[in-house]
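Since the structure comes first, as structure tokens, the remarks are kept for the end.
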Amino acid sequence: MSGTSYLSARDIVFGWGAGPAVLDRVRLEAARGQTLAILGPNGAGKTSLLSVLSGRLTPRAGSVTLEHRPLRALSARERAQRIAFLPQLEKLPFNYRVLDFVLMGRTPHMEAFALPGPEDESAASVALEALGMGSFADRNIGELSGGELQLARIARCLAQGASILMLDEPASMLDPAHARHIADALAALVSAGKTIIYTTHDIGLGIFLGGRAIIIAHGKIAWDGPAEGLRDAEMLERAYGISFSVKELPSAF
Amino acid sequence: MWGKASSVGGRSAAGSRGRARGALGGALVAILAVVFALSLFVGRYPAPGFMNPSMLASDELARQIVFNSRLPRMLGAVLLGLVLGGAGASLQSVFGNPLVDAGFLGVSQGAAFGAALALILGLRAYSMVAVFAFVAALLALGLSLWLAERFKYGGQILRLILAGLAVSAFFSALLAMMKYVADPLKQLPDIVFWTMGSMVPMSWQRLESAAPVALAALALLFGMRWRMNLLSLDDAVSHSLGVRPALERRAVSIAAAAGVGVMTAVCGVVGWVGLVVPQLVRAIDGPDGRTVVPRSMLGGAIFVLVSDTLARSVFSGEIPLGIVTSLFGALSFALLLTLRRVELAR
């Protein structure tokens, strides 16, 4: 499966307004079914890169192609059937029922003025079940813990049926048990053949999920290699500009 | 760790819940039908209270009152309520803020200023007042949208809310200016009466002229009831789901403002309906746009119809409708908040 170029970013330059470039001629190829971790210091451009790859942000220069078609050439609906993007945080103004919340993921498969049908409801239920959240279907999102909410949000991405999941810090701000549960859920999605591109500050998560990792620094890819390579303290020192030591500590991963 | 999957239990619970939701919708339709039928015969002819329907067969004046005065007025009240409830629910959803209503993009204040301007210019024909009010309402909406694009503070939603605030305040000031320069004996009472809202001016002719825009707005808001859920989410999420949030939010705003604007042009400013009714509906059966939008329309219609029936029948002189809706609206709003039933997540 892997090896063929699936999602491709060529010479991406991105910046906010007239400000300096956050991403500077970034080139990146991702294969189908690949797991790709994006690491790097705060402000390095991880989320910007993920947003450009998902079509949410338009680069100043360069292009993103999906199966050799420019992302810009896809309609919003076509793009949404292929790529699901999950921001790190989202506002939740209303206390939706969990099943309805996940059901929103089915929108790219519905006509503009249509309502979700029984097949959409069952797809949403299946997505919840896949993440061990089946018994939460009738609860409200306001009653969920942080970890449960994160699983419900990932279930919504799953219900979307996209082959590529782009997740911004999917396991941050969670206790070790919840972080591990999210990591296990992501590992199951990888096994199921999904392409997962995610940002993280957690080197342990990157090594646990495996696949490939890149480190961004100053808007450029400073390192690109197998996730196992994240054990290299000297490489991390160069990327982050501080000294690292490899220690045996309790870890959920 | 998070419990075993229990899809069967989950689905059957969802099924019974679905039936409960259907029941509420049916109940609202039934209540509206009953209230409508009763209101038709409530009034002050031949005596204060309930008119015997059999009078329609024998009394020409009763027929005139029921079919040419009460019926268009009540249909107008229903249409106004549908529009106010639907617009309020839709705007609250797409701005992810349960505390906005149709007035917040400057539409109500714009309409009030337009009407006052027409009256000051001596254009007392009601069609002219309505045209001025409608044009000014759309002008206020356009100004809010235009300003929001240019604000350099906040995200898209905050910019719209701030722009609406500024535009509302601006038109309030212009309205105050109109009141200040108005002839206190001839013009001021008309302006004040118009800003208090009333169904008195409604007639078959005015209903026919306002209905196409109002019904088109209702159809669009109803058609987009599922999209309202998506638009309430973060733009990054709705974009990922294939929605174009800025474009669709604008379409909802324009439909809501046009519907409210065209009805306000005839009836004056009727407040609180669009704010309170969707909150009541959400407190009863959850925030899903599929139910909140149609039920807020029906709830709004019942609210306005009951208020208008009280406004025209309780005292020998008519009470302006806006006073009745504000009175009930403010009380229910306070009660809702006291009982902590305003639905907010996190």
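Mind grabbing the interface size between B and A? I mean buried accessible area, both sides, 1.4 Å probe, in Å² to the nearest hundred.
Details: alone 16540 and 12380 Å², together 24710 Å².
Buried area between the two chains comes out at roughly 4200 Å².
So which chymotrypsin sites (Phe, Trp or Tyr not before Pro) in the range B:251-346 end up in coil per DSSP with only 11 or fewer other C-beta atoms within 10 Å?
Values: sites: B:TRP272, B:PHE303, B:PHE315, B:PHE328, B:PHE333; in loops: B:TRP272, B:PHE315.
Qualifying residues, ordered by number: B:PHE315.
So how much slack lies between B:LYS186 and B:ALA27, counting 0.36 nm per residue of separation and subtracting their Cα-Cα distance, in nm? Could the numbers behind the result be given before it?
Numbers: separation 159, 0.36 × 159 = 57.24 nm, distance 4.62 nm.
Full extension of this stretch gives 52.6 nm more.
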- Towards the positive end of the charge dipole of chain B, with charges on Cβ (+1 Lys, Arg; -1 Asp, Glu), say which of B:VAL324, B:THR264, B:VAL252 has the farthest Cα. B:VAL252
- Note on the structure: The size of the Cβ-based charge dipole (Lys, Arg +1; Asp, Glu -1) of chain B about the Cα centre, to the nearest 20 debye, is 880
- Message: Quick check for me: using +1 on Lys/Arg Cβ and -1 on Asp/Glu Cβ, what's the dipole size of the protein assembly as shown about its Cα centre, in debye to the nearest 20?
- Response: 620
- Task: Please give the average number of partner chain Cβ atoms lying within 10 Å of the Cβ of each residue in B:217-227, rounded to a whole number.
- Result: 2
- Message: What do you get for trypsin sites (Lys or Arg not before Pro) in the range A:1-69 restricted to DSSP loop and a cutoff of at most 14 other Cβ within 10 Å of the site's Cβ?
- Response: A:ARG60
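Rank these residues by their accessible area, most exposed first, probe 1.4 Å: A:HIS218, A:HIS109. The partial results should precede the final answer.
Details: A:HIS218 175, A:HIS109 75 Å².
Heavy-atom accessible area, descending, gives A:HIS218, A:HIS109.
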- Out of A:ALA183, A:ALA152, A:ALA21, any idea which swings most in a Gaussian network model of chain A, alpha carbons joined below 10 Å? A:ALA21
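Counting other C-beta atoms within 10 Å, and keeping those with at most 12, which DSSP coil trypsin sites (Lys or Arg not before Pro) do you find in the range B:78-178?
Details: sites: B:ARG124, B:ARG150, B:LYS152, B:ARG159; in loops: B:ARG124, B:LYS152.
In loop regions of the range B:78-178 (DSSP not H, G, I, E or B), the sparsely surrounded trypsin sites (Lys or Arg not before Pro) are B:ARG124, B:LYS152.
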- Item | Members of the range A:97-117 that become less accessible by 20 Å² or more once partner protein chains are added (1.4 angstrom probe, chain alone as reference) | A:ARG97, A:ASP100, A:MET104, A:THR107, A:ALA112, A:PHE113, A:LEU115, A:PRO116
- Message: Restricting the calculation to Cα positions, tell me the Rg (one decimal) and the Dmax (whole number) of the protein assembly as shown in Å.
- Response: 28.5, 101
- Using a 1.4 angstrom probe with every protein chain in place, what is the largest-first accessible-area order of A:HIS178, A:HIS68? A:HIS68, A:HIS178
- Task: Taking only protein heavy atoms into account and a 1.4 Å probe, give the accessible area per residue of chain B in Å².
- Result: 41
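Once the Cβ-Cβ distance between A:ALA114 and A:ALA73 is put in as r, and R0 is 30 Å, what FRET efficiency do you end up with, to the nearest 0.05? Write down the numbers at each step before the final one.
Working: r = 25 Å, r/R0 = 0.82.
Approximately 0.75, to the nearest 0.05.
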- For chain A, find the longest principal axis of its Cα atoms and tell me its angle to the long axis of helix A:146-159, 0 to 90°, nearest 10. 80
- Query: Where the centre of each part is set by its Cα atoms, how far does the range B:126-174 sit from the range A:232-253, in angstrom?
  - Reply: 55
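Given the -39500 (n - 2.57) contribution per DSSP H run of 4+ residues, what per-residue ellipticity at 222 nm results for chain A, rounded to the nearest 500 deg cm²/dmol?
Working: 8 runs with 80 residues, N = 253.
Here the helix-only value at 222 nm equals -9500 deg cm²/dmol.
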- Message: With a 10 Å cut-off between alpha carbons and a GNM built on chain B, which of B:ARG44, B:ARG73, B:ARG249 moves the most?
- Response: B:ARG44
- Message: Can you give me the accessible area per residue for chain A, using a 1.4 Å probe, in Å²?
- Response: 41
- Message: Can you compute the helix-only [θ] at 222 nm over chain B? Use -39500 (n - 2.57) per DSSP H run of at least 4 residues, normalise by all residues, nearest 500 deg cm²/dmol.
- Response: -24500 deg cm²/dmol
- Message: Rg and Dmax in Å for the range B:116-242, alpha carbons only: what are they?
- Response: 18.7, 59
- Accessible carbon and sulfur surface of the protein assembly as shown relative to its total accessible area, %, 1.4 Å: 63
- Note on the structure: Given pairs A:LYS91/A:LYS247; A:LYS91/B:LYS152; A:LYS194/A:LYS220; A:LYS91/A:LYS194 and cut-off 31 Å on Cα-Cα distance, the over-length ones are A:LYS91/A:LYS247
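Given a Förster distance of 25 Å, report the FRET efficiency between A:ASP224 and A:GLU248 from their Cβ-Cβ distance, rounded to the nearest 0.05.
Numbers: r = 27 Å, r/R0 = 1.09.
In this case the efficiency is close to 0.35.
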- Comparing B:VAL293, B:VAL167, B:VAL181 in a Gaussian network model of chain B (Cα, 10 Å), the one with the largest mean-square fluctuation is B:VAL181
- Item | FRET efficiency, 1/(1 + (r/R0)^6) with R0 60 Å, evaluated for B:TYR153 and B:ARG63 via beta carbons | 0.50
- Query: Between the range B:291-327 and the range A:12-83, what's the alpha-carbon centroid distance in Å?
  - Reply: 52
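The values are calculated or read from the model by the stated rules, or taken from the named source; none is laboratory data. All values derive from a computational prediction rather than experimental measurement. Positions of Cβ are backbone-derived with ideal geometry, glycine not excepted, and every protein chain shown enters the neighbour counts. Accessible surface areas use protein heavy atoms only, side chains included; no ligands, DNA or RNA. Shrake-Rupley method; radii C 1.70, N 1.55, O 1.52, S 1.80 Å.
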